[in-house]
Amino acid sequence: MASIFSKIIAGEIPCYKVAETNDFLAFLDINPNAKGHTLCIPKKEVDKLFDLDESTYDGLMKFSRTVAVAIEKAVPCKRVGMTVVGLEVPHAHVHLIPLNAMEDAQFIKKESLSSEDFETTAKAIASFL
Ligand code: 5GP
């Protein structure tokens, strides 16, 4: 069965898109640790990050760096952190999280955002790409 992220790639489930190439997609996490929390995924569906072929892995890291630089310009924060978990969605992904405190990296404190907040944030990040 296709992962929920493959359904997002196919346009079957909506997302707040930040960036897209032929091989990768970045969109806002629906239950963010902080405003601007973004997921970067390969369009190729593979469960675990380190099972990706080397070229896709390298491409995902490069893509994530580009998106992280844009997040840092668009969202006030001390820095952008990168985390890989994958316990919820079996489709390799990188979390890019604007950090102001250690709690922002801990997947405990969640930010409640309106759809307007999500839309404005996705557009703001995209404007720096
Ligand atoms: P992980 O698999 O790394 O443990 O967590 C998966 C992440 O994907 C979570 O932070 C969760 O909020 C996010 N997520 C799960 N389903 C969706 C979805 O349908 N849309 C979006 N934008 N994010 C999702």
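Remarks
- Tallying residues that are surrounded by 15 or more Cβ atoms within 10 Å (Cβ to Cβ) and either under 30 Å from L52 (Cα atoms) or of a type in the set (F, W, Y) (or both) within segment 92-123 yields 14.
- 2 or more residues at pLDDT 95 or above, more than 15 Å from the ligand (Cβ to nearest atom) and more than 25 Å from S3 (Cα to Cα): qualifying strands (runs of 3 or more DSSP E) within segment 23-129: 79-83
- Filter result (outside any helix (DSSP H, G or I) and either without any contact (Cβ under 8 Å) to a residue 60 or more places away in the chain or crowded, with 20+ Cβ neighbours inside 10 Å (or both)) within segment 5-18: A10, G11, E12, I13, P14, C15, Y16, V18
- Flag if L96 is in contact with a strand residue (DSSP E or B) (Cβ under 9 Å, 6 or more places away or on another chain) and within 14 Å of P32 (Cα to Cα): yes
- Filter pass, K43 being touching a residue at least 60 places away in the same chain (Cβ under 8 Å), surrounded by 14 or more Cβ atoms within 10 Å (Cβ to Cβ) and in contact with a helix residue (DSSP H, G or I) (Cβ under 7 Å, 6 or more places away or on another chain): no
- The combined condition, being without any contact (Cβ under 8 Å) to a residue 24 or more places away in the chain, surrounded by fewer than 20 Cβ atoms within 10 Å (Cβ to Cβ) and in contact with a Leu (Cβ under 9 Å, 6 or more places away or on another chain), is fulfilled by M82.
The values are calculated or read from the model by the stated rules, or taken from the named source; none is laboratory data. Source: prediction; values computed, not measured. As a convention, Cβ positions derive from the backbone with ideal geometry for all residues, glycine included, and neighbour counts pool all protein chains shown.
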